[in-house]
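To start, the structure itself, in structure tokens.
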Amino acid sequence: MDWLDTSLPFLKVLGAFIVMLAGIRFKLGLGLSILAGGLCMGFLFGLGSGPWVKVAILALTREKFLFLTAIVGLILVLSDALERSGQSRRLMDALSGYLTGPRLRLVFFPALIGLLPMPGGAIFSAPMVKAVSEKMTLSNEERTVINYWFRHVWEMAWPLYPGLILTVSLADIPIFSFISRTWPGVVAMFVFGWFFFLRPGVLKNADLFMEPVNNSRNGGLALKEGAPLLLAIIGAVGLEGAISVFMPGLPFEWGVLAALLSAVICIMMQNRLGWSFIRDVLAKKSLRSMLFIIVAIFVFKDVMQAAGVVDAMAASAGGRVALFASAVFLPFLVGMVAGINVAFVGATFPLLLGLLDTLGMGQQTIPYLVLASFAGFTGVMVSPIHICFILTCQYFGADVARAWRKLLAPCFCFGLTGGVLFWFLL
């Protein structure tokens with residue numbers, strides 16, 4: 001029965017994850033599903049209801065939780081303001097004169113929208129892809145995968161994405177220490193996107209007829225319409241770097257918050273959005289749902305620590321089996337079932353970080369986080385329930401199965417890229 005004693009902690013963790021994944025599958029909601037998995041895990045490892053509630057309450061008073069809640073909230077406010085005011089559309093119109101090639105036009109607008117994290121953002125760029133490809137002889141499935149793939153090319157290294165912010169918050173590392181290792185993922189997304197969806201052997205030049213959308217080039221107008229995005233992006237990067245150099249004792253999140261708040265104020269002034277806009281955004285269900293997911297993630301993390309889950313797994317298996325499960329298998333599985341980066345980061349990274357600490361492998365934290373991020377994001381991109389994929393298929397009237405099959409090969413190659421990068425980082 002030694003094998004049972006060795007496997008028991010893993011079976012308990014697997015049971016908790018099955019509860020979590022079942023909740024996601026049956027549309028309980030991501031936040032409630034993570035909480036249910038945390039509740040199950042706590043009970044299976046002997047954490048009673050009283051201690052569980054106490055741990056949950058304390059989790060919501062931590063500085064990292066408060067910072068992340070504020071950052072994600074401001075990102076969603078900015079995204080909503082850009083969409084509601086029509087400023088994102090005006091920015092695209094101002095930039096269209098610079099796009100001279102048909103393949104560039106196909107990928108530019110999804111990639112541009114990808115700079116702005118928003119749930120279901122691919123449906124925002126889909127009308128632009130439809131407009132520029134109207135005279136092209138592309139199938140609906142080809143339009144779908146191009147829009148879907150290039151909408152997500154930045155997610156491995158763009159500092160405004162909640163998944164990245166959550167990763168560095170959980171690991172307590174500077175965001176640039178992380179994205180300086182994950183940036184090859186962005187290159188890989190562009191390379192595999194071109195090879196599988198855009199290269200001449202896939203899309204013939206004769207099929208890419210293009211009509212000029214806007215021949216004028218007005219850099220001043222483009223800068224004006226893009227000012228909020230520039231404030232958010234450059235401001236966050238610059239302020240975070242300045243804090244790390246000149247005020248190393250100050251949490252870097254203050255720089256991100258200041259930049260995002262400046263961007264929100266900028267767009268409200270440009271479009272004369274009053275306080276009624278803020279009230280409307282705060283009342284949106286999508287905002288409350290995302291913030292509740294953050295609540296669930298931090299509760300799950302602290303419950304796992306309080307229940308001694310990591311110690312039990314490390315003691316029973318010598319660490320290697322647990323490391324493989326938490327760095328590859330579980331992130332991929334949760335990413336595929338949930339279809340969102342925040343889910344696999346919040347559900348599996350606390351386990352991975354705890355194992356690394358317990359096994360005395362803290363110096364390898366970043367390589368393992370990179371491996372887990374690639375595995376999880378591969379699962380997200382190949383997920384048939386990813387909201388961007390479903391909405392894009394619906395918009396273009398594409399066959400879901402045929403479009404999904406087109407994603408398998410590039411996603412497999414992307415996952416292998418993560419393994420190669422992990423080997424080099426070690």
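Some points to look at:
- Cα long-axis angle, helix 49-59 against the chain (0 to 90 degrees, to the nearest 10): 40 degrees
- If R0 is taken as 41 Å, the Cβ-Cβ distance between L408 and W275 corresponds to a FRET efficiency of 0.30.
- Listed values for region 406-414 are Karplus-derived 3J(HN,Hα) couplings in whole Hz (6.51 cos²θ - 1.76 cosθ + 1.60, θ = phi - 60°), namely 5, 8, 4, 5, x, 5, 4, 5, 5, and x replaces Gly and Pro.
- R0 of 30 Å, Cβ-Cβ distance D172-F10: FRET efficiency to nearest 0.05: 0.70
- Magnitude of the charge dipole for region 126-208, about its Cα centre and with charges confined to Cβ atoms of Lys, Arg (+1) and Asp, Glu (-1), is about 200 debye.
- Taking 0.36 nm per residue of sequence separation and removing the Cα-Cα distance, the F329/L221 pair yields an extension gain of 34.2 nm.
- Packing-based order for 158-167, 225-234, 285-294, using average beta carbon neighbours within 10 Å, highest first: 158-167, 225-234, 285-294
- Using alpha-carbon coordinates, inclination of helix 253-270 to the longest axis of the chain, degrees: 30 degrees
- Per-peptide packing, taken as the mean over residues of other Cβ atoms within 10 Å, places 339-349, 7-17 in the sequence 339-349, 7-17 from highest down.
- Among M136, M20, M41, the largest mean-square fluctuation in a Gaussian network model of the chain (Cα springs under 10 Å) belongs to M136.
- Taking the chain as the region of interest, the number of lysine pairs whose Cα atoms are within less than 26 Å, with members eight or more places apart or on different chains, is 18.
Rule-based calculations on the coordinates, nothing more; no lab input. Note that the structure is predicted; figures quoted are calculated from it, not measured. Using ideal geometry, Cβ is built from the backbone for each residue, glycine included, and neighbour counts are taken over all protein chains shown.
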